[in-house]
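What follows is a set of notes on a single structure, which appears directly below.
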Amino acid sequence: MAELSDQMLIARATVFGNRRAFDTLVRRYQSPLRRFLMNLTGGDNTLSDDLAQDTFIKAWTQLASFKNKSSFETWLFRIAYNVFYDYIRSLKEIQSMEDVEREVDSLYHEYADDGSVKSDIHQALGMLNPNERTCITLFYMEDRQIKEIADIMQLPEGTVKSNLSRGKEKMTTYLKQNGYG
Amino acid sequence: MDDDQLIRQFMQARREDISDNGFSDRVMRHIPFERPFWTYIASALFILTALAALLIWFDGWSVLCSIFVHIYTAIAYVKHMAFEPLYLLVFIALGGWLAIEKIKQLAYRI
């Protein structure tokens, strides 16, 4: 079962509701998905795992809508990204996109700036706004192409490129100032 | 080292594989046990396609025809005996039920 392709496993899960096939997919992608969510939440382990679990449950119930236009991993990341933003919107009555971004930032810093967390990566990513942070994480850590990032974040490729460029500039400054360069 | 390399090196050095530690089992425990409605439709479509393929590509029609001829001959033969139509109905119902169960088993095994 472990050697089967994603397409084969998805077909089994879709056509026959085969849970074992879906279990293989969960095991295959749990690590990159949880890492991605960890970087969105500023390193909050518990929250990331809860969101990752919600992502997989959603993926199971919506598996029929997977059209093979992107890879299964990209599709999962898109669900995870939406699950994360749905969670943010559920926290408070949020009216505008600015409110959402403010809330994402506050959640990120609440955890990343906590004295108990010693991770320098979350300090560095904390210099960026939420969109820049997601673009940088997907591009440099998860090795996603610009087209895939646009697909995950549902943004035009041009917007992804400008977020990447701004994020890169801020990150470079931060890294050089802190002795990494 | 250019800026791009600097960031890539920094990020890649902090990229770690997260061990499962029971996460997948927990997810699978929360996956609804009932099959989503569309999986039944997908199964039905799959079985119909498989049957169609069997009939079209593997000369299933002639096999079916010969079965029907045999059944007809058998019926014609038993007509001369004390034949009860009820027996035939019971036979067809039982055979149909067994066939459906077998197809279901095969489908779940896949």
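The values are calculated or read from the model by the stated rules, or taken from the named source; none is laboratory data. These numbers come from a predicted model, not from an experiment. Note that we place each Cβ from the backbone using ideal geometry, even for glycine, and neighbour counts take in every protein chain shown. Just the protein is used for accessible areas: all its heavy atoms, side chains included, with ligands, DNA and RNA removed. Shrake-Rupley method; radii C 1.70, N 1.55, O 1.52, S 1.80 Å.
Here are the numbers for the structure shown:
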read-out: Gain in span if fully extended, A:GLU3 to A:GLU157, counting 0.36 nm per residue against the direct Cα distance; value: 52.1 nm
read-out: Net lengthening on full extension, B:ARG29/B:GLU84 (0.36 nm per residue, minus Cα-Cα); value: 14.5 nm
read-out: Magnitude of the charge dipole, the protein assembly as shown, Cβ model with Lys/Arg +1 and Asp/Glu -1, debye to 20; value: 1020
read-out: Cα convex hull of the protein assembly as shown, projected area averaged across orientations, nm²; value: 21.9
read-out: Backbone N under 17 Å from the A:SER71 label point (7 Å along Cα→Cβ), restricted to the range A:139-181; value: A:139-153
read-out: Cα long-axis angle, helix B:85-109 against chain B (0 to 90 degrees, to the nearest 10); value: 20
read-out: A/B buried area, accessible surface, summed, 1.4 Å probe, Å²; value: 3900
read-out: Computed [θ] at 222 nm, deg cm²/dmol, chain A (DSSP H ≥ 4; -39,500 (n - 2.57); rounded to nearest 500); value: -23000 deg cm²/dmol
read-out: Contact order relative to length of the range A:6-177, as percent, for alpha carbon pairs under 8 angstrom and 6 or more apart; value: 21
read-out: Loop-located chymotrypsin sites (Phe, Trp or Tyr not before Pro) in the range B:14-47 whose Cβ has at most 15 other Cβ within 10 Å (DSSP); value: B:PHE33
read-out: Pairwise FRET efficiency - B:LEU55 versus B:PHE91, Cβ, R0 = 30 Å, nearest 0.05; value: 0.85
read-out: Separation of the B:GLU16 and B:VAL63 label points, Cα + 7 Å toward Cβ, nm; value: 5.8
read-out: Gain upon complete extension [B:PHE37, B:LYS102; 0.36 nm per residue less C-alpha separation]; value: 21.2 nm
read-out: A:ASP120 versus B:LEU48: modelled label distance in nm, points set 7 Å from Cα along the beta carbon direction; value: 6.2
read-out: Residue pairs, from the table A:LYS147/A:LYS170; A:LYS92/A:LYS161; A:LYS67/A:LYS170; A:LYS58/A:LYS147; A:LYS58/A:LYS92; A:LYS67/A:LYS147, whose Cα atoms sit over 28 Å apart; value: A:LYS92/A:LYS161; A:LYS67/A:LYS170
read-out: DSSP loop trypsin sites (Lys or Arg not before Pro) with at most 15 other Cβ within 10 Å: longest gap in chain A; value: A:1-66
read-out: Solvent-accessible heavy-atom area per residue, rounded to whole Å², over the protein assembly as shown at 1.4 Å; value: 58
read-out: Acute angle (nearest 10 degrees) that the helix B:3-13 long axis makes with the longest principal axis of chain B, alpha-carbon atoms; value: 60
read-out: Tilt relative to chain A, helix A:45-61 - C-alpha long axis, 0 to 90 degrees, to 10; value: 30
read-out: Share of carbon and sulfur in the accessible heavy-atom surface of the protein assembly as shown [1.4 Å probe, %]; value: 60
